[in-house]
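The values are calculated or read from the model by the stated rules, or taken from the named source; none is laboratory data. Everything numeric here is computed off the predicted structure, so don't read it as measured data. Here the Cβ is made from the backbone with ideal geometry for all residues, glycine too, and neighbour counts use every protein chain on show. Keep in mind that these areas ignore ligands, DNA and RNA; they rest on the heavy atoms of the full protein, side chains included. Shrake-Rupley method; radii C 1.70, N 1.55, O 1.52, S 1.80 Å.
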Amino acid sequence: MTADLLKREITELLEVATLTAEESLQKICELLRDRRKGYDWVGFYFVDRQKERELVLGPFAGQPTEHVRIGFGRGICGQAAETLKVFVVDDVSAESNYLSCSPGVRSEFVAPVMAGGLLVGELDLDSCEPALFTREDSRLLEWVASVCAGAVAEAAGFEI
Ligand code: SME
């Protein structure tokens with residue numbers, strides 16, 4: 001599915017009044033995984049408001065992961081949380097600070113989700129294809145991270 005069509009569907013999903021924020025995010029993960037080739041695992045991590053500097057797994061589509069909690073600084077997700085930068089990793093096997101979700105994964109994309117100037121969560125994608133995430137994917141996924149900010153903040157329990 002093209003980026004433009006996906007954007008329209010995601011915008012609509014975020015506006016469905018009968019869905020909770022978490023349910024909308026779940027459907028967005030499933031939509032991205034089902035409609036884009038190579039998006040093998042798509043999920044949101046939330047910043048845990050009870051624990052300092054820790055991410056907790058939120059809605060996701062794909063194989064369950066053992067990395068339900070990730071401290072800031074650990075793995076690609078933890079580095080994105082610490083630096084507030086987008087990470088596009090073409091070859092995860094070349095990374096020393098990487099947490100393997102499943103052995104088939106070759107490339108990864110992580111974008112911080114910011115709301116009201118605060119980090120509230122992250123959007124994380126894994127692919128079994130090496131270097132799957134192009135500049136066009138990054139543009140789409142950074143857009144997803146930004147439009148989902150309100151829903152992530154709400155689902156993670158932030159009052160913004
Ligand atoms: N690979 C991530 C861990 C999360 S799983 O991919 C779902 C990392 O290195 O932070």
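If you go through region 1-25 and keep only what is assigned to a loop (DSSP other than H, G, I, E, B) and either among the hydrophobic types (A, V, I, L, M, F, W, C) or at pLDDT 95 or above (or both), you end up with 1, 16, 17, 18, 19, 20. Considering region 70-92, the residues that are over 23 Å from residue 117 (Cα atoms) and more than 10 Å from the ligand (Cβ to nearest atom) include one that is surrounded by the most Cβ atoms within 10 Å (Cβ to Cβ), namely 90. Taking the numbered list (1) under 11 Å from the mean Cα position of the chain (by Cα); (2) in a strand (DSSP E or B) in turn, residue 28 passes all entries but (2). Residues that are part of a strand (DSSP E or B) and near the ligand (Cβ under 9 Å from one of its atoms) were ranked within region 52-68; the one that is least open to solvent (accessible area, probe 1.4 Å) is 55. Inside region 69-92, residues that are in a helix (DSSP H, G or I), of a type in the set (Val, Ile, Thr) and in contact with a strand residue (DSSP E or B) (Cβ under 8 Å, 6 or more places away or on another chain) make up a count of 2. Number of residues in region 93-116 that are open to solvent by less than 30 Å² (accessible area, probe 1.4 Å), over 19 Å from residue 56 (Cβ atoms) and either away from the ligand (no atom under 13 Å from the Cβ) or assigned to a loop (DSSP other than H, G, I, E, B) (or both) equals 1. Quick check on region 144-151. Is at least one of its residues near the ligand (Cβ under 10 Å from one of its atoms) and either open to solvent by 10 Å² or more (accessible area, probe 1.4 Å) or within 14 Å of the chain's Cα centre (by Cα) (or both)? The answer is no, given that none of the residues of region 144-151 is near the ligand (Cβ under 10 Å from one of its atoms) and either open to solvent by 10 Å² or more (accessible area, probe 1.4 Å) or within 14 Å of the chain's Cα centre (by Cα) (or both).
Here residue 5 fulfils each of the conditions (1) away from the ligand (no atom under 16 Å from the Cβ); (2) surrounded by 17 or more Cβ atoms within 10 Å (Cβ to Cβ); (3) hydrophobic (A, V, I, L, M, F, W, C) apart from (2).
The set of residues in region 8-39 being open to solvent by less than 50 Å² (accessible area, probe 1.4 Å) and not aliphatic (A, V, I, L, M) consists of 24, 29, 36, 38, 39. Which of the residues belonging to region 134-143 are open to solvent by 10 Å² or more (accessible area, probe 1.4 Å) and over 11 Å from the mean Cα position of the chain (by Cα)? Within region 134-143, 134, 135, 136, 137, 138, 139, 143 meet the criteria.
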